[in-house]
Amino acid sequence: MKRTRHTAHLLLLSLLVGACGTTDSGFEDDCDQTVELALGQPYQAVLNAQDCRREADDTAFDQYRFVLDEELSIQIDMMSVQFNSFLWLYDDDGDLIESDDNDGNANNARITRVLRAGTYMIHANTHESMGAYTLLVRPSIP
Ligand SMILES: [Ca+2]
Ligand SMILES: [Ca+2]
């Protein structure tokens with residue numbers, strides 16, 4: 001049942017992205033790619049011109065998903081020395097929970113929050129310039 005709902009959600013995302021792609025062609029292929037994150041394991045990636053774009057401001061983002069088996073205080077860090085990072089945290093329905101620009105060191109984005117058990121989505125985003133970054137989701141001390 002849950003899997004079915006999730007598939008429908010992904011399909012909806014694809015449709016939305018597809019609609020976006022009609023006016024912004026060339027980016028839609030990567031938009032529905034979602035990386036599964038494991039808690040406590042840093043993930044190194046790159047934002048570049050091939051990544052999905054936010055409809056609001058045309059900035060690039062990578063999409064991630066993580067699952068919590070129980071309620072937990074977590075900290076999400078998006079760290080880059082090459083660009084000004086920005087984080088978006090969504091629930092399984094695609095509703096925005098929180099976004100952050102500079103709560104980490106320098107211009108790095110950080111979200112610290114208690115989350116219920118469930119599936120969550122992260123958009124690792126940038127103000128404009130791109131490059132390499134590290135994303136880390138880990139338990140934090142509340
Ligand atoms: Ca990317
Ligand atoms: Ca920032």
Residue 128 being part of a strand (DSSP E or B) and acidic (Asp, Glu):
no
All but one of (1) in contact with a strand residue (DSSP E or B) (Cβ under 9 Å, 6 or more places away or on another chain); (2) surrounded by fewer than 16 Cβ atoms within 10 Å (Cβ to Cβ); (3) at pLDDT below 95; (4) closer than 18 Å to residue 127 by Cβ hold for residue 81; which doesn't?
(3)
Assess whether residue 63 counts as being polar (S, T, N, Q), modelled with pLDDT of 95 or more, in a strand (DSSP E or B) and crowded, with 16+ Cβ neighbours inside 10 Å.
yes
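The values are calculated or read from the model by the stated rules, or taken from the named source; none is laboratory data. All values derive from a computational prediction rather than experimental measurement. Glycine also receives a Cβ, built like all others from the backbone with ideal geometry; neighbour counts cover every protein chain displayed.
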